[in-house]
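In what follows, a single structure is set out as structure tokens and then discussed.
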Amino acid sequence: MAGLVRTVGRRFFSAKATTGLTGMAVAKDPHLALRVLYTKTLAALEKLPKDAAYRQHTEGIINDRFDLVKTVPDVAELERKINCGQIEQVIIQAEAELSLARKMADWKAWEPLVSEAPEGQWKWP
């Protein structure tokens, strides 16, 4: 049933009845949800310095996925191309990434440490 898709106008809607995952409802319009989330995440990332590693790597992932959302109308094909589970799981990942991007701006993780790290702080046995 997951492969069934119907079109209304120019939009594709998944006809799957369930995700098969307890507590996870089927997304009604995953393309719209991801467009909104990715737009907000990119805006949040713009507040970080351009040379911040988190910004650089996250922008790359978000832009790649955003391009797929814009160009791949079929939900099942989009899931295959993103390759991170069902589209509902991708939406949850996008929500978490938006939350993290906003927190990173508050944390300013790119700034130097306030005090020197204790000796052996970064060593692993």
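The values are calculated or read from the model by the stated rules, or taken from the named source; none is laboratory data. It should be emphasised that the depicted structure is a prediction, and the values quoted were computed from it without experimental measurement. Positions of Cβ are backbone-derived with ideal geometry, glycine not excepted, and every protein chain shown enters the neighbour counts.
Residue check: is Glu79 in a helix (DSSP H, G or I) and out of contact with any strand residue (DSSP E or B) (no Cβ under 7 Å at 6 or more places or on another chain)?
Yes, satisfied.
Name, by its number, the condition in (1) among the small types (Gly, Ala, Ser); (2) touching a helix residue (DSSP H, G or I) at 6+ places or on another chain (Cβ under 9 Å); (3) not in a helix (DSSP H, G or I) that does not hold for Ala94.
Evaluating Ala94 over (1) among the small types (Gly, Ala, Ser); (2) touching a helix residue (DSSP H, G or I) at 6+ places or on another chain (Cβ under 9 Å); (3) not in a helix (DSSP H, G or I) leaves (3) as the failure.
For the stretch 109-121, does any single residue satisfy the condition of being modelled with pLDDT under 95, surrounded by 13 or more Cβ atoms within 10 Å (Cβ to Cβ), hydrophobic (A, V, I, L, M, F, W, C) and outside any helix (DSSP H, G or I)?
Yes - at least one qualifying residue is present in the stretch 109-121.
Residues being more than 18 Å from Glu111 (Cβ to Cβ) and part of a helix (DSSP H, G or I): count how many of those fall in the stretch 24-56.
Qualifying residue count, the stretch 24-56: 14.
Out of the residues in the stretch 70-88 that are in contact with a Leu (Cβ under 8 Å, 6 or more places away or on another chain), touching a residue at least 60 places away in the same chain (Cβ under 8 Å) and not β-branched (Val, Ile, Thr), state the one that is surrounded by the fewest Cβ atoms within 10 Å (Cβ to Cβ).
Among those that are in contact with a Leu (Cβ under 8 Å, 6 or more places away or on another chain), touching a residue at least 60 places away in the same chain (Cβ under 8 Å) and not β-branched (Val, Ile, Thr), it is Glu88.
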